[in-house]
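I have placed the structure first, in the form of structure tokens, so that the comments after it can refer back to it.
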Amino acid sequence: MRITTEQIAEVESDRVADHEADLRAVADVGTRRGVDVEAVIEAVRHFSVAAPSWAVGTGGTRFGRFPSGGEPRTIEEKIDDVAALHALTGANRTVSLHVPWDDPEDPEALHTYAREAGIGFDAMNSNTFQDNSSTTGDFAVSYKFGSMANADAAVRKQAVEHNLEVIELGKRLGANALTVWLGDGMNHPGQADFRRQFERVADCLHQVHDALPDGWRLFTEHKPYEPAFYSSVNPDWGSSLLLAQAAGAQARCLVDLGHHLPNTNIEQIVSRLAMVRRLGGFHFNDSKYGDDDLTVGSIHPYQFFLIVLELVKIGDGAMPDLSYMIDASHNLKDPLEDLAQATDQIQVSIAQAMLVDRPALEAAQESNDPARAAEVLHAAYRADVRPLVAEARRRNGAALDPLTAFRSIGYRKEMTRERGAGSTAIGL
């Protein structure tokens, strides 16, 4: 089942008049305040954030997983779900695969299938944080004590070779980046040497970097803990920057919003990495405690607004050309509904960030007026930009209200009928 523009128009026919009235009201207010409303709409309309292949299936915890029915059983069905999501939001034009969770037998055929569905391939994700039979055979060489940081040269060689295989697969699919997240670290003091672990990872990443095709990027992704709890080899943005610099000129740092300790100033990290031209991309989500992978903006919406504001500043008034992906694990919600809500929050935050009176903000900053600076920020954050975001989606042939349209069209019900109530997503 493919969701069409005609289906969306049919289920939303009774909403158009109200939307147009709301849009006129917001546009009038914006014009009086000197806001370029068209620029905001067009910026939102052109923005795209990748959906990860693993997020179209129901997530889980160490204690259990409860599939919602109609989950994708093949990579092709994952692409079908991402295409349905994009039809609703107009902003999910690519999918990010995770290898070997996603290991197509015929990459060229999959590339064609995705292209016909209107979906491209974003950054490839390698997996050396668990043993996988497709790469390790009889498990004679294991990642139990790490991959690129492992004391065993054979394990490090296997980890490098896996990443090279992922690059080759990505080339055949039309991707242009490789994301490397490592679970390497220590669970016990004295288990390994901090410096030797780091140097081994840096050396391995350099080997992978040297195999990158022209135009590709290598992303180093930091995380303070899990699965290693005493120490991680790449726990923070500074370590990530050092690894990217050691890897080579095509390496950049990727920021996962959940990969930080509570109360970390993520917007400052964004600024620092941009200063040294090593900011490569984002995994959008939200968290209460750690790597919760909650819906974007569900816990810290104002912080997310500030992060996007920093990005818009870097992009000189629009989102910069980076790699963006939603990295979520929705245990209770319908996966596509959660992804639609996350995408909507990103679109809303972009519109809010573009409303910030940047000259007024800079004047307040330069005159040491924190109260005035706060007023400038809140004037944009409190603005109702939903009609502008809805209009951006409508111009893309997508839905004014993605969640309501998804339910009205009955996509999940149809997928449950086709795939079965007990189907579970592959690779999770």
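Quick check on this structure: which one of Ser271, Ser240 is surrounded by fewer than 19 Cβ atoms within 10 Å (Cβ to Cβ) and either free of Cβ contacts under 8 Å to residues at least 40 places away in the same chain or on the phi < 0 side of the Ramachandran plot (or both)? Don't jump to the end; show me each part of the working.
Working: Ser240 fails: surrounded by fewer than 19 Cβ atoms within 10 Å (Cβ to Cβ).
Every option except Ser271 fails the conditions.
What pairs come out if I take residues in segment 319-339 that are on the phi > 0 side of the Ramachandran plot and pair them with residues that are assigned to a loop (DSSP other than H, G, I, E, B) and at pLDDT 95 or above whose C-beta lies under 8 Å away, six or more apart or interchain? Between residues of segment 319-339 that are on the phi > 0 side of the Ramachandran plot and residues that are assigned to a loop (DSSP other than H, G, I, E, B) and at pLDDT 95 or above, there is no close pair.
What is the residue count in segment 37-55 for residues that are small (Gly, Ala, Ser) and in a loop (DSSP other than H, G, I, E, B)?
So the first thing to find is which residues in segment 37-55 are small (Gly, Ala, Ser), and the list is 39, 43, 48, 50-51, 53, 55.
Narrowing further to those that are in a loop (DSSP other than H, G, I, E, B): 48.
Looking only at that region, the number is 1.
When Val29, Val11, Val16, Val40 are checked against the criterion of being touching a Gly at 6+ places or on another chain (Cβ under 9 Å) and of a type in the set (A, V, I, L, M, F, W, C), a single residue qualifies: Val40.
Apart from one condition, Glu6 fits all of (1) acidic (Asp, Glu); (2) surrounded by 15 or more Cβ atoms within 10 Å (Cβ to Cβ); (3) part of a helix (DSSP H, G or I); the exception is (2). For segment 28-36, the count of residues that are among the acidic types (Asp, Glu) and either touching a residue at least 40 places away in the same chain (Cβ under 8 Å) or touching a His at 6+ places or on another chain (Cβ under 9 Å) (or both) is zero.
Considering segment 356-372, the residues that are of a type in the set (Gly, Ala, Ser) and surrounded by fewer than 18 Cβ atoms within 10 Å (Cβ to Cβ) include one that is farthest from Gln7 (Cα to Cα), namely Ser367.
Quick grid of which residues meet (1) in contact with a helix residue (DSSP H, G or I) (Cβ under 6 Å, 6 or more places away or on another chain); (2) in a loop (DSSP other than H, G, I, E, B):
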{"residue": "Ala246", "(1), (2)": "yes, no"}
{"residue": "Val255", "(1), (2)": "no, no"}
{"residue": "Leu261", "(1), (2)": "no, yes"}
{"residue": "Gln268", "(1), (2)": "no, no"}
{"residue": "Ala274", "(1), (2)": "yes, no"}
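Condition check ((1) under 17 Å from the mean Cα position of the chain (by Cα); (2) more than 30 Å from Gln7 (Cβ to Cβ)) across all residues:
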| site | (1), (2) |
| --- | --- |
| Ser68 | no, no |
| Pro72 | no, no |
| Glu76 | no, no |
| Ala87 | no, no |
| Pro107 | no, yes |
| Phe121 | yes, no |
| Asp131 | no, yes |
| Val160 | no, yes |
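Checked against (1) at pLDDT below 95; (2) surrounded by fewer than 17 Cβ atoms within 10 Å (Cβ to Cβ); (3) small (Gly, Ala, Ser), Gly30 meets all criteria but (2). Selection over segment 297-311 of residues that are part of a loop (DSSP other than H, G, I, E, B) and not small (Gly, Ala, Ser) gives a count of 2. Output the residue which, of all residues in segment 403-423 that are part of a loop (DSSP other than H, G, I, E, B) and surrounded by fewer than 19 Cβ atoms within 10 Å (Cβ to Cβ), is nearest to the chain's Cα centre (by Cα). My answer is Gly410.
Of the helices (runs of 4 or more DSSP H) lying entirely inside segment 312-389, those containing at least 1 residues that are of a type in the set (S, T, N, Q) span 335-355, 358-366.
Mind checking which residues of segment 226-237 are under 20 Å from Phe282 (Cβ atoms) and either in contact with a strand residue (DSSP E or B) (Cβ under 6 Å, 6 or more places away or on another chain) or without any contact (Cβ under 8 Å) to a residue 60 or more places away in the chain (or both)? Quick ask: steps written out before the conclusion?
So the first thing to find is which residues in segment 226-237 are under 20 Å from Phe282 (Cβ atoms), and the list is 226, 232, 234-237.
Listed by number, the residues that qualify are Ser232, Asn234, Pro235, Asp236, Trp237.
Scanning segment 196-223 for residues that are free of Cβ contacts under 8 Å to residues at least 60 places away in the same chain, of a type in the set (Lys, Arg) and out of contact with any Lys or Arg (no Cβ under 9 Å at 6 or more places or on another chain) gives a single hit, Arg196. Among the candidates Thr295, Thr264, the residue that is buried (at least 18 other Cβ atoms within 10 Å of the Cβ) and hydroxyl-bearing (Ser, Thr, Tyr) is uniquely Thr295.
In segment 390-402, how many are part of a helix (DSSP H, G or I) and surrounded by fewer than 18 Cβ atoms within 10 Å (Cβ to Cβ)?
Going residue by residue through segment 390-402, those that are part of a helix (DSSP H, G or I) are 390-395, 402.
Going one step further and asking which of them are surrounded by fewer than 18 Cβ atoms within 10 Å (Cβ to Cβ), we end up with 395.
The number of residues fulfilling the criteria is 1.
The values are calculated or read from the model by the stated rules, or taken from the named source; none is laboratory data. Note that this is a predicted model, so its numbers are computed, not measured. Note that we place each Cβ from the backbone using ideal geometry, even for glycine, and neighbour counts take in every protein chain shown.
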